[in-house]
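Novice: Below are the structure tokens for one structure; questions will follow.
The values are calculated or read from the model by the stated rules, or taken from the named source; none is laboratory data. Just so it is clear, the model here is predicted, and its values are computed rather than measured. Here the Cβ positions follow ideal geometry from the backbone for every residue, glycine too, while neighbour counts run over all protein chains shown.
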Amino acid sequence: MSMFTAVEMAPRDPILGLNEQFAADTNPNKVNLGVGVYYDDNGKLPLLQCVQAAEQNMMKAPTARGYLPIDGIVAYDNAVKALVFGADSEPVQSGRVATIQAIGGTGGLKVGADFLKKLNPQAKVLISDPSWENHRALFTNAGFEVESYPYYDAAKRGINFDGMLAALNAAPAGTVVVLHACCHNPTGYDITPEQWDQVVATVKAKGLVPFLDMAYQGFGYGLKEDGAAVAKFVDAGLTFFVSTSFSKSFSLYGERVGALSVLCENKEEAGRVLSQLKIAIRTNYSNPPIHGGAVVAAVLGNPELRALWEKELGEMRVRIKAMRQKLVDGLKAAGVKEDMSFITTQIGMFSYSGLSKDQMVRLRNEFGVYGTDTGRMCVAALNSKNIDYVCASIAKVI
Ligand code: PMP
């Protein structure tokens with residue numbers, strides 16, 4: 001009898017579990033479209049040139065590793081503010097944004113959730129149906145009751161926007177609404193700029209608390225374009241939360257580089273909010289790690305490296321779009337009668353393929369093509385070598 005006798009085995013993480021299954025698969029043609037990671041055309045995880053250059057510069061002038069301030073590297077936090085709101089924007093210029101360096105986008109969400117729970121313990125949290133699978137667990141673990149607003153409409157191969165808006169309208173004031181700022185994970189469907197206007201107006205009218213999750217800035221249409229939703233909330237005069245992740249946009253997954261920004265009413269308020277965010281950090285992990293944040297700050301703070309980053313980010317974005325088109329064309333060429341062109345109307349890393357769980361299981365077991373049971377495929381893992389095989393495999397299960 002041990003103190004852990006009654007401990008139950010937790011269910012496997014659906015995506016990481018898929019990875020394990022993939023690793024054990026002996027099919028030489030296997031393709032992993034499960035996890036949300038960008039691979040280049042050779043199927044390799046890229047190490048961006050801008051990152052290598054920044055690291056080489058850092059090697060030339062090695063520094064000791066003292067603790068960072070609780071809220072992270074000042075230059076990093078300032079770079080995040082500039083990226084999210086615009087360097088010359090009123091919120092940045094007036095100093096009313098509180099930004100902290102976080103352990104990935106996940107860490108930004110968690111620090112925000114902990115702060116919100118103290119601020120408004122009774123509030124409910126609304127996430128999209130479906131959403132990134134960690135949203136529900138993260139906010140539930142922070143003590144919130146989590147519900148969802150309608151989002152994906154399978155029959156329409158798009159968004160149930162009326163349903164989404166109705167749910168926001170029905171939510172009590174103070175409800176925290178988690179919104180994907182761009183490149184919705186898992187569906188790949190984003191609402192239009194006009195629909196964002198309606199969401200902003202509803203959030204404002206109903207007194208909801210917007211929490212924008214921006215994990216893919218630059219993967220959709222461009223840095224500024226992908227930040228357009230943030231600008232709309234600013235223009236509406238709202239105060240809100242934005243989490244940032246550089247995991248994908250810098251291909252720095254394992255460095256855990258992210259942030260949380262809270263737009264406040266004025267500078268003095270931002271100072272008070274920042275002091276509370278620091279308490280959430282201090283009591284969780286004390287202060288963030290140095291390396292990833294230092295790399296991102298070095299790239300964003302150097303005009304040449306910044307230009308190189310934007311070029312490399314643009315190449316990733318363009319390659320994903322080319323793969324979407326190749327997928328549509330390839331499926332047609334492989335004999336799929338159904339119109340699959342919806343894949344090119346989706347944006348970001350993922351595609352909700354519309355395939356059923358049975359079809360996804362067959363894809364995996366018979367062809368070694370791994371996506372999630374929900375039909376989500378990571379388009380950013382397709383390349384010129386595996387695309388024909390993936391198309392032929394999908395054609396056989398449709
Ligand atoms: N939000 C969404 C919507 C995501 O897809 C992800 C990453 N898959 C995250 C947050 C977390 O990002 P990070 O890996 O930087 O913690």
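Novice: Hey, does segment 169-188 have a residue that's farther than 13 Å from residue 129 by Cβ and assigned to a helix (DSSP H, G or I)?
Specialist: yes
Novice: Restricting the search to segment 75-107, which residues are closer than 17 Å to residue 223 by Cβ, outside any loop (DSSP other than H, G, I, E, B) and free of Cβ contacts under 8 Å to residues at least 40 places away in the same chain?
Specialist: 78, 92
Novice: Within segment 176-186, track down each residue that is within 10 Å of the ligand (Cβ to nearest atom) and among the β-branched types (Val, Ile, Thr).
Specialist: Passing the criteria: only 178.
Novice: To continue, here is another question. What's the total number of residues in segment 1-54 that are at positive phi and either part of a strand (DSSP E or B) or basic (Lys, Arg) (or both)?
Specialist: 0
Novice: So which of 243, 286, 275 is in the same structural domain as residue 185 (by the TED database) and either in a strand (DSSP E or B) or closer than 26 Å to residue 56 by Cβ (or both)?
Specialist: Checking each option against the conditions leaves just 243.
Novice: Looking only at segment 115-148, count every residue that is part of a loop (DSSP other than H, G, I, E, B) and either surrounded by 14 or more Cβ atoms within 10 Å (Cβ to Cβ) or within 15 Å of the ligand (Cβ to nearest atom) (or both) and tell me the total.
Specialist: The qualifying residues number 7.
Yes/no per residue for (1) free of Cβ contacts under 8 Å to residues at least 24 places away in the same chain; (2) in contact with a helix residue (DSSP H, G or I) (Cβ under 8 Å, 6 or more places away or on another chain); (3) more than 16 Å from the ligand (Cβ to nearest atom):
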site	(1), (2), (3)
170	yes, no, yes
174	no, no, yes
192	yes, no, yes
202	no, yes, yes
210	no, yes, no
218	no, yes, no
228	no, yes, yes
233	no, yes, yes
246	no, yes, no
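Novice: Which one of these is assigned by the TED database to the domain that holds residue 370 and modelled with pLDDT of 95 or more: 328, 257?
Specialist: The unique qualifying residue is 328.
Novice: Anything in segment 210-257 that is under 15 Å from residue 112 (Cβ atoms), surrounded by fewer than 24 Cβ atoms within 10 Å (Cβ to Cβ) and polar (S, T, N, Q)? List them, or say none.
Specialist: Once the filter is applied, which keeps residues that are under 15 Å from residue 112 (Cβ atoms), surrounded by fewer than 24 Cβ atoms within 10 Å (Cβ to Cβ) and polar (S, T, N, Q), segment 210-257 yields only 239.
Novice: Just one of 84, 74, 97 is more than 14 Å from the ligand (Cβ to nearest atom), crowded, with 23+ Cβ neighbours inside 10 Å, over 30 Å from residue 34 (Cα atoms) and of a type in the set (Val, Ile, Thr); which is it?
Specialist: That would be 97, the only listed residue that is more than 14 Å from the ligand (Cβ to nearest atom), crowded, with 23+ Cβ neighbours inside 10 Å, over 30 Å from residue 34 (Cα atoms) and of a type in the set (Val, Ile, Thr).
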